[in-house]
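First comes the structure, then the notes that go with it.
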Amino acid sequence: MKILHVLNSTSYSGAENVVCQIIDMFGNDKDTQMVYCSPDGPVKSSLEDRHVNFSPVKKLVPSELKKVIKKVKPDLIHAHDFRASIIALLSAGNIPVISHLHANYPWLKKRGIKTVFYAGTCNRYKRILTVSPSVFDEFVYGDRFKDKLTVVGNPINVGAIRSNVSSQSVEKVYDLGFCGRLAAPKNPEAFVNIAASLKDSYPNLSAVMVGDGVLKNEVLSLISEKGLGKNIKLMGFQKNPYPILQSCKVMCMPSRWEGFGLAAVEALALGTPVVCSNVGGLPGIVNDECGKVCASQEEMTLECLNLLSEKSRLEYKSEKAAQRASELDNIAEYKNMLSAVYTDALNIK
């Protein structure tokens with residue numbers, strides 16, 4: 001069985017990490033081969049580090065993807081997110097296509113060109129996978145295609161996350177941490193504003209932001225405007241962000257929207273409580289024992305303040321964070337679920 005994973009992104013982030021984990025978990029299966037296809041770009045370096053078979057295109061359009069399909073000769077195409085799914089259908093011919101949605105974008109909730117276009121392709125996918133029920137619950141045409149839907153979540157390998165940091169105890173260098181793209185969905189501006197509010201109580205507040213993106217200049221300007229140049233450190237994209245996450249007392253995720261929220265699980269696995277917004281899959285990951293799901297930026301600020309000011313509260317939630325992550329570990333179940341999806345899509349008896 002040869003599977004071609006198709007993505008439209010040129011950088012390495014959440015969905016790209018998930019695809020690499022899928023390829024890794026099937027790596028020892030002699031009967032399964034997987035190839036990663038996307039436009040060439042910075043993602044190439046990350047794929048090389050993980051020894052992923054990469055077949056790039058200049059641009060994700062049918063003419064380019066058809067060339068890769070002709071070369072790879074896949075039995076199945078696993079397309080990730082909306083554009084990649086539609087382009088895969090237009091290019092696949094008789095090859096079955098699975099559409100995998102990693103986020104619940106705001107435009108899903110409204111009738112428009114994008115929602116109509118995607119809905120028009122839904123019946124042609126062998127299966128539609130989502131990372132949380134909220135993706136299809138918020139899709140304006142979602143009820144029409146429930147029979148195509150499988151909620152798979154994200155692969156979570158807690159042991160692998162922890163193996164990427166030192167086994168020795170790590171000093172909590174940063175009071176507050178952020179990990180994600182500097183882009184609208186992750187709402188990095190809110191993180192800066194929360195840090196500014198906390199500085200009133202903690203003048204020496206230490207915060208770190210891991211990630212890069214289109215809002216970097218806006219974030220830098222806001223940091224300067226709020227006088228936080230000595231308080232917030234921007235680390236940019238990190239191939240291994242886990243030691244930094246482990247060195248944070250609190251992880252703050254003020255996302256505007258999320259699909260699953262894998263960064264929350266990664267922080268929990270490293271004993272870092274997560275304070276987050278009530279979007280996407282985050283309420284299914286975080287609870288009051290290991291952090292807090294908040295309804296507003298003000299509530300997030302207050303919870304961060306409570307954790308930083310009460311040592312016993314922070315220690316309790318840090319311990320519960322590690323326990324919660326272990327409960328979410330699902331790597332074996334995830335592989336079995338995907339194997340069943342692939343087998344069904346290929347009508348393998």
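Numbers below:
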read-out	value
Net charge, residue 286 excluded, C-beta distance under 10 Å - Lys, Arg +1, Asp, Glu -1	0
Cross-link pairs beyond the 18 Å C-alpha cut-off, checked among 30/335; 199/249; 239/317; 2/73	239/317
GNM result for the chain, Cα springs below 10 Å: residue of 207, 195, 295 fluctuating most strongly	295
Of [x] 28, 24, 21; [y] 32, 29, 18; [z] 36, 21, 19, the label for semi-axes √(5λ) of the Cα gyration tensor in Å derived from the coordinates	[z]
Estimated distance in nm for a label pair at residue 287 and residue 256, the labels positioned 7 Å out from Cα along Cα-to-Cβ	3.1
Under the Karplus curve 6.51 cos²θ - 1.76 cosθ + 1.60, θ = phi - 60°, whole-Hz ³J(HN,Hα) for segment 54-62, x wherever Gly or Pro sits	10, 10, x, 10, 5, 8, 7, 9, x
Top positive-direction residue, dipole computed over segment 1-156 with Cβ charges, set 149, 132, 26	149
Ranked by how many other beta carbons lie within 10 Å on average, peptides 270-278, 15-23, 104-112 from highest	270-278, 15-23, 104-112
Only Lys, Arg (+1) and Asp, Glu (-1) charged, at Cβ; the chain dipole about Cα centre in debye	1320
Neighbour cut-off at most 11 other Cβ (10 Å), DSSP loop, GluC sites (Glu not before Pro), segment 154-220	171
Note, ³J(HN,Hα) from phi for segment 14-29, Karplus 6.51, -1.76, 1.60, rounded to Hz, x at Gly and Pro	x, 4, 5, 5, 4, 4, 5, 5, 4, 4, 5, 5, 9, x, 8, 7
Gain in span if fully extended, residue 221 to residue 296, counting 0.36 nm per residue against the direct Cα distance	24.7 nm
Nearby aspartates and glutamates by direct alpha-carbon distance to residue 292 (threshold 18 angstrom, same-chain neighbours under 8 apart not counted)	175, 258, 266, 303, 310, 315, 319, 327
Paramagnetic reach from residue 173 in segment 181-225 [backbone N under 18 Å; point 7 Å along Cα→Cβ]	204-212
Cross-link reach list, lysines versus residue 114, counting only Cα pairs under 28 Å and skipping chain neighbours closer than eight places	58, 59, 66, 67, 126, 146, 148, 186, 216
Filtered GluC sites (Glu not before Pro), segment 228-315: DSSP coil and at most 12 other beta carbons within 10 Å	310
Helix-only mean residue ellipticity at 222 nm for the chain, each DSSP H run of n ≥ 4 adding -39500 (n - 2.57), per residue, nearest 500	-12000 deg cm²/dmol
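Any read-out appearing in this document is the output of simple, stated calculations on the displayed coordinates, not a laboratory observation. Treat the numbers as computed from the prediction; the structure is a model and nothing was measured. Cβ coordinates were reconstructed from backbone atoms using ideal geometry, including for glycine residues, and neighbour counts include every protein chain displayed.
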